[in-house]
Every structure is written in structure tokens, then in C-alpha cells.
Amino acid sequence: MKNILLITSCVALMAACTQEADVVLPAYESQLVVECYLEAGQPPRLILSESASFFADATPFPLVSGASVLLSYAGQTDTLVNELFTDPITGRAYNYGSNRPLPSDPQGDFTLTAVDPQGRRIEAITRFMPVVPITSLAPTFNEEAEAFCLTTFADPPEQTNFYLLVLNEGQAYTPSLLSTTLDDNFANDQGNIVFGSGFNFAEGDTIVGTVYHLEPTHYRFISSAQNAQAANFNPFAVSGEIVTNVQGGLGIVAALAYDRQTVVVPAPPQ
């Protein structure tokens, strides 16, 4: 009874101390937002939009039209035109792009600049990391004949490396069953990184494994975006700023260097 009275008193005291206050927020200034992933041998595509206030309607960021978008690399500059581009394989759509494919063996810096009709300017620089090949993509069964997948690849020595490991079922662009960032701390004594999935697979499933070798800025962008997303569902989390490599705006411009392998889950051992 004493505990009940004490709790009741505390609640009443907190209620008495609660006051409403009007907080005047400064006017929000929108920024350009770019999302661009370059692939060797593929034409460049990107989405250019602008940010919106946290308290704005829950709608996609408004697309930006009429901007001058340039991609410079290897002593040349390509103009990305403001048109609708769609990828029939991934189903993704973009509002700027070019039909000229990038080199199959890209070298050096790739610099993206964009200036919109309001005079806002953004710039980002990226480069392709060396591809890190997958040495093994191995479905493994437990005693209940449930299958998980062990992905193995060699971590290049004498440098700090960052990765994104993605496992899909069926095709590479279906919703991922595993998507996790890794670094050198996951390497074992032999210099290999071995990472296991959950028990997501069964006999006959097709597993598509992809290992992306990330630039440090791309790794920090993914990690900070994941932390910011998690903070939205945790009232006690400290909201963090998303790390970007875009000067003058938000988003990410990244060159994708990856290896991809496919394996079909065999019958479980008898």
C-alpha cells in the first residue's frame, strides 16, 4: 500500500509540473539532395531532389527540374540530361542521366556537379575501389535441415577496408534477406571475412550474394543513415546527422565496386 501511495504521489507531482510551451522554430531552408551510384560499363543515372522540413507532409522529396548536371572523369565531361530514365531490371527510376556508358575499367576521380535554376550548387567526388572477390558462398544446414549461408572473402591486407554484404533470394534486386556493413574487425587470423546469414533458406532456393567494397565516405553514409532511421523508433536515442560526401547539399555519390555470386541450395545431407 505504501508503494502504491508513493507512485500515485509521484505521478501527481509530475502532472503538476507539466507545462505547455510554444517553441518557435526557424524557417526551414531546403537543400539539394542527390543519390547517384555509378557502375563500370553502365550509363550514369541519378535522382536530384530537394529536402523538406521534418514537419512537412509525408510525401517523397520534390524532384528538381532544369538543373545543369555534369559528370567529369578521365579528362572529359558528360552532361546528364533532365529526362525520365527507368531500369527494367531493378525497376528504379531517375530524373537525370546519360546514355553514354562509363568505362569498363574506370580509373581516377569522378566528379559530379549540379546547379539548379535557383543557383544552388552541389559537388561530390568518388572513385572505384578495387573489387574484392567472393571466395565462397556456401549454404549450410543445421540439425533441423534449416539452411543458412556462409559468405567468405579475403580482406586485402595493409589497408583499412569497408564492405556491404547483401544476400538476396532469387534475384539480385529483390528485397534483401541480409544487408550489413562490415570492416576489418571481422577478419579472422587468415585475413578472411566469414559472415553467416540467418536461417532464411531452404532446398532449391537461389541465393545471390554481393560484396561491395566501399569508400570510407560511402560506409559512413550507410552507417549514419541506419542509425538515424533506428533513432526514429527510439525515444531515448540521440539523433545523428547523416554523413554525406556532397558539398553544398545532401545525399551520396558513390562508385559501386562489387563481386556477385549465385548458388542454389542443395538437398540437406541425410
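Contact order normalised by length for region 99-152, with contacts defined as Cα pairs under 8 Å and 6 or more residues apart; what percent is it?
Details: 51 pairs, mean separation 12.8, N = 54.
Over region 99-152, the number comes to 24 percent.
Provide the net charge surrounding ARG120, with neighbours chosen by a C-beta distance below 13 Å and charges set as Lys +1, Arg +1, Asp -1, Glu -1. Let's see the in-between values first.
On the way: positive: ARG121; negative: GLU29, GLU50, ASP116, GLU123.
Charge balance near ARG120 sits at -3.
Using the Cα centre of region 32-126 as the reference point, and only Cβ charges (+1 on K/R, -1 on D/E), how large is the resulting charge dipole? Debye, rounded to the nearest 20. Write down the numbers at each step before the final one.
Values: 5 positive and 11 negative charges, 21 e Å.
About 100 debye.
Please arrange TYR96, TYR173, TYR73 by how many other C-beta atoms lie within 10 Å of their C-beta, fewest to most.
Starting with the residue having the fewest Cβ neighbours, the order is TYR173, TYR73, TYR96.
With Cβ to Cβ distances under 11 Å as the rule, what net charge do the other residues near PRO266 carry (K, R +1; D, E -1)?
On the way: positive: none; negative: GLU203, ASP205.
After counting each charged neighbour, the total is -2.
Please arrange SER51, SER65, SER72 by how many other C-beta atoms lie within 10 Å of their C-beta, fewest to most.
Details: SER51 17, SER65 11, SER72 14.
With the sparsest Cβ surroundings first, the list reads SER65, SER72, SER51.
Could you list SER53, SER179 so that the one with the fewest beta carbons within 10 Å of its beta carbon is first and the one with the most is last?
Ranking SER53, SER179 by Cβ neighbours within 10 Å, fewest first, gives SER53, SER179.
Only the coordinates and a few stated rules stand behind these numbers; no lab work does. Since this is a predicted model, take the numbers as computed values, not measurements. As a convention, Cβ positions derive from the backbone with ideal geometry for all residues, glycine included, and neighbour counts pool all protein chains shown.
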